[in-house]
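The values are calculated or read from the model by the stated rules, or taken from the named source; none is laboratory data. Remember, predicted model here, so these are calculated numbers, not experimental data. Cβ placement follows ideal geometry from the backbone for every residue including glycine, while neighbour counts extend to all protein chains displayed. What goes into the accessible areas is simple: the full protein's heavy atoms, side chains included, and nothing from ligands, DNA or RNA. Shrake-Rupley method; radii C 1.70, N 1.55, O 1.52, S 1.80 Å.
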Amino acid sequence: MRISKSPWLLHYDGSSCNGCDIEVLAATTPRFDVERFGIINTGNPRHADIFLCTGGVNSQNQDVVRQIYDQMPDPKVVLACGICACDGGIFKECYNILGGTDTVIPVDVYVPGCAVRPEALIDGVVKALKILDEKADKMKHGGYRSLTSAEYAEKLKEGENA
Amino acid sequence: MAGKRSVIPFGPQHPVLPEPIHIDLVTEDEKVVEAIPSIGFIHRGLESLVTKKDFNDMVYVAERICGICSYGHGYGYVDALEHIMSIEVPDRVQYIRTLLFELSRLHSHILWLGLMADAFGFESLFMETWRIREKVLDMLENATGGRVIFSILKIGGLRRDVPDEVMKGFIPELDRIAEEIKACEGAFLLDPAVQSRLRGVGYISGKDAERLGCEGPFLRASGVEWDNRTRGYAAYGEVDFEVITSKEGDSYGRCEVRIKEIYQSISIIKQCIEKMPAGNHSVPVKGFPNGEHMTVIEQPRGGACYYVHSSGKKFIERMRVRTPTFANIPALAETLKGCDVADVPILVVTIDPCISCTER
Amino acid sequence: MLDNLYETELSGLLNKVKEIQNTGAHIMQVCATKIGESYELLYTFGKGYDIKHIKTVVSLGDHVPSITDIFPSAFLYENEIHDLFGIEIEGINHDYRGGLYRTAVEAPFA
């Protein structure tokens with residue numbers, strides 16, 4: 001596969017049990033080493049291309065997730081890492097869990113697993129790279145821009161009413 | 001001249017933190033004068049699931065309180081219920097449980113060393129420690145089938161037996177890990193540049209630490225001998241180990257305690273493998289739990305309390321987990337006072353914060 | 001069953017906690033359990049490897065005194081009980097006023 005960019009990752013722990021977070025970190029360390037593709041784990045949303053979100057979203061951190069997403073420049077891709085980020089997982093029935101990451105921001109790639117295995121995560125990141133390229137291409141040709149979290153909330157509401 | 005006070009927010013999303021915690025740092029010039037922690041970003045409310053999942057299935061929820069100390073949480077919950085239901089588990093189960101507990105302590109402490117290295121900006125050391133940690137995860141995967149969350153515990157024993165030859169195969173691996181840790185130990189304990197970031201940072205006296213209810217390596221680094229493993233649960237009563245303490249009381253001391261505990265864990269695992277008795281891997285469980293019990297165990301991050309209250313039904317009434325980080329936060333806020341803003345990330349990492357445990 | 005358990009009325013709580021503090025113990029945890037319509041508060045203290053518990057039963061309208069004057073580091077536990085169970089605790093040294101856990105449901109365990 002041809003990699004056209006060195007994408008940087010940003011990781012935020014929604015309300016995961018930490019299991020997926022350490023696997024995300026483990027994916028950057030020598031055994032799995034996503035860094036050999038030029039992928040770097042950054043702490044700054046404004047430098048990031050790929051947003052790895054672990055864990056379901058709860059009522060206290062939903063604004064944090066939205067803010068991080070909005071701060072990231074276009075083109076950007078969101079990965080939901082682990083079953084909790086996909087749909088709430090084992091904590092779905094808890095009173096404080098709203099659901100997966102896609103309840104507050106649009107998600108491009110869903111990576112399952114409890115906890116997500118680093119191999120699966122790398123596969124997800126590779127899929128994300130393709131989407132990132134497509135988005136960059138669209139931006140060049142058609143003035144594409146990602147939905148902001150507010151627009152996304154609007155869209156979800158319309159979907160509910162329809 | 002006294003400077004003007006300003007408040008610097010730290011977190012929830014911060015490069016050094018794998019997990020969100022928020023601290024308001026009230027600073028005067030470069031010094032922190034007060035630190036106000038606020039938590040709740042990962043609060044899921046999983047203790048409420050006891051009313052929705054049957055007490056056997058709650059084991060898997062308990063394991064998912066935290067991904068790093070997952071085994072310990074499962075153990076604490078299972079142990080509390082076994083006490084309530086007066087279940088005697090076979091000796092072999094006790095030994096395998098102890099072995100797995102120490103393996104997870106080993107991986108947790110090595111993980112912490114890596115995060116610490118990352119916090120003081122020594123990235124190659126972070127990579128090296130996490131490379132070593134993968135070997136521990138391989139052993140855990142061999143024994144249980146999972147890298148992070150094992151789901152091998154059940155009330156009345158283990159879901160499957162761990163074959164003797166698998167465990168015997170751990171011994172040469174453990175020796176290699178000990179050698180490799182020895183090789184990078186110097187970087188933490190002897191390197192002058194690292195020491196200047198650790199020595200004297202975040203000092204807390206043993207008396208204060210105890211008064212504020214600290215737990216684990218944080219407390220032992222201030223010279224207090226308090227290690228719940230000496231209570232002798234599982235097979236800890238039958239293996240040799242000494243409580244490790246340090247006189248330093250600062251970040252350096254916490255590093256020293258954890259490194260020594262790595263060797264201690266390796267020794268405990270080897271003793272377990274040597275003494276491993278034959279026998280069944282589980283006993284049948286009948287009826288529903290009725291009563292209350294509090295189990296206190298030693299997690300990698302310190303003592304943890306598991307309180308279970310049940311009244312003879314399929315669903316227990318209350319499970320409450322007091323995790324070590326929860327107990328350490330008041331003391332963290334205390335040690336942050338008077339330190340430099342630049343040292344805050346290191347200090348937060350030295351308590352080995354586990355926020356998902358804390359907020360559940 | 002819990003060993004070393006002292007049951008006390010709410011009015012005798014502070015005296016009992018003070019008594020335990022005088023022995024040099026530290027606080028290990030405070031938790032609440034809903035039993036029917038009332039709530040059990042369980043305070044746990046440790047000294048050396050000995051553990052002592054104090055249990056008291058309260059109902060929703062009761063004014064529970066804070067023990068943070070005696071054990072300052074108990075503030076997190078008491079705020080947690082306030083946020084999750086809706087029990088009013090008076091005189092906490094660091095009162096988050098319901099802001100420790102901002103839950104979707106108010107007092108989810110009540």
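Some observations on this one:
- Among (1) facing another protein chain (nearest Cβ under 10 Å); (2) open to solvent by 10 Å² or more (accessible area, probe 1.4 Å), the one test that residue B:274 misses: (1)
- Qualifying residue in segment B:211-223 (condition: among the acidic types (Asp, Glu) and either out of contact with any helix residue (DSSP H, G or I) (no Cβ under 6 Å at 6 or more places or on another chain) or within 14 Å of chain A (Cβ to nearest Cβ) (or both)): no
- Cβ-Cβ under 8 Å pairs, at least 6 apart or on other chains, segment B:112-124 side within 12 Å of another protein chain (Cβ to nearest Cβ) and touching a residue at least 24 places away in the same chain (Cβ under 8 Å), far side part of a helix (DSSP H, G or I) and open to solvent by 60 Å² or more (accessible area, probe 1.4 Å): B:117/B:123
- All of A:130, A:76 fail the test of being more than 10 Å from every other protein chain (Cβ to nearest Cβ) and either in contact with a Lys or Arg (Cβ under 8 Å, 6 or more places away or on another chain) or not charged (D, E, K, R) (or both), apart from A:76.
- With respect to the stated conditions, residue C:35 fails to be within 14 Å of the chain's Cα centre (by Cα) and of a type in the set (Val, Ile, Thr).
- Check on residue C:24, of a type outside the set (Val, Ile, Thr), exposed (fewer than 13 other Cβ atoms within 10 Å of the Cβ) and over 20 Å from residue C:81 (Cα atoms): yes
- Among the residues of segment B:48-85, the ones that are of a type outside the set (Ser, Thr, Tyr) and either assigned to a loop (DSSP other than H, G, I, E, B) or under 19 Å from residue B:354 (Cβ atoms) (or both) come to 20 in all.
- Restricted to segment B:31-54, and to residues there that are in contact with a strand residue (DSSP E or B) (Cβ under 7 Å, 6 or more places away or on another chain), more than 7 Å from chain A (Cβ to nearest Cβ) and not charged (D, E, K, R), the residue that is most open to solvent (accessible area, probe 1.4 Å) is B:36.
- Scanning segment B:350-360 for residues that are open to solvent by less than 10 Å² (accessible area, probe 1.4 Å) and within 14 Å of chain A (Cβ to nearest Cβ) returns B:352, B:354, B:355, B:356, B:357, B:358, B:359, B:360.
- Applying a threshold of 8 Å to beta carbon distances and a minimum spacing of six or more residues, or different chains, the list of pairs starting in segment B:127-155 at a residue that is away from chain A (no Cβ under 13 Å) and more than 20 Å from residue B:79 (Cβ to Cβ) and ending at one that is open to solvent by 30 Å² or more (accessible area, probe 1.4 Å) and not acidic (Asp, Glu) reads B:142/B:166; B:142/B:169.
- Total residues in segment B:277-303, condition open to solvent by less than 10 Å² (accessible area, probe 1.4 Å), more than 9 Å from chain C (Cβ to nearest Cβ) and touching an Asp or Glu at 6+ places or on another chain (Cβ under 8 Å): 6
- One residue alone among A:81, A:86, A:94 is modelled with pLDDT under 85, crowded, with 19+ Cβ neighbours inside 10 Å and not charged (D, E, K, R), and that residue is A:94.
So that you can scan it fast, the table gives a plain yes or no per residue for (1) out of contact with any helix residue (DSSP H, G or I) (no Cβ under 8 Å at 6 or more places or on another chain); (2) open to solvent by 30 Å² or more (accessible area, probe 1.4 Å); (3) under 26 Å from residue B:171 (Cα atoms):
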{"position": "B:85", "(1), (2), (3)": "yes, yes, no"}
{"position": "B:89", "(1), (2), (3)": "no, no, yes"}
{"position": "B:92", "(1), (2), (3)": "yes, no, yes"}
{"position": "B:95", "(1), (2), (3)": "no, no, yes"}
{"position": "B:100", "(1), (2), (3)": "no, no, yes"}
{"position": "B:109", "(1), (2), (3)": "no, no, yes"}
{"position": "B:113", "(1), (2), (3)": "no, no, yes"}
{"position": "B:116", "(1), (2), (3)": "no, no, no"}
{"position": "B:124", "(1), (2), (3)": "yes, yes, no"}
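- Taken together, B:330, B:345 contain a single residue that is assigned to a helix (DSSP H, G or I) and in contact with a Cys (Cβ under 9 Å, 6 or more places away or on another chain), which is B:330.
- Checked against the criterion of being charged (D, E, K, R), farther than 24 Å from residue B:23 by Cβ and modelled with pLDDT of 85 or more, the candidates C:7, C:90, C:19 yield just one match: C:19.
- Each residue in segment B:56-111 was checked for being in contact (Cβ under 8 Å) with a residue 40 or more places away in the chain and under 26 Å from residue B:135 (Cα atoms), and 35 pass.
- Flag for residue B:28 being away from chain A (no Cβ under 14 Å), among the acidic types (Asp, Glu) and over 19 Å from the mean Cα position of the chain (by Cα): yes
- Of the candidates B:215, B:248, B:261, the single residue that is closer than 21 Å to residue B:76 by Cα and in contact with a Gly (Cβ under 9 Å, 6 or more places away or on another chain) is B:215.
- Residues of segment C:25-56 satisfying the condition of being more than 9 Å from chain B (Cβ to nearest Cβ) and of a type outside the set (S, T, N, Q): C:25, C:36, C:37, C:39, C:41, C:43, C:45, C:47, C:50, C:52, C:54, C:55
- Positions within segment A:55-70 being within 25 Å of residue A:136 (Cα to Cα) and either under 10 Å from the mean Cα position of the chain (by Cα) or within 10 Å of chain B (Cβ to nearest Cβ) (or both), in sequence order: A:65, A:67, A:68, A:69
- Residue tally, condition more than 20 Å from residue B:306 (Cα to Cα), of a type outside the set (Ser, Thr, Tyr) and free of Cβ contacts under 8 Å to residues at least 24 places away in the same chain, over segment C:13-51: 6
- Among the residues of this structure, residue C:9 counts as one that is open to solvent by 10 Å² or more (accessible area, probe 1.4 Å) and more than 10 Å from chain B (Cβ to nearest Cβ).
- Residue that is nearest to the other protein chains (Cβ to nearest Cβ) [pool: residues in segment B:304-324 that are over 17 Å from residue B:354 (Cα atoms) and part of a loop (DSSP other than H, G, I, E, B)]: B:317
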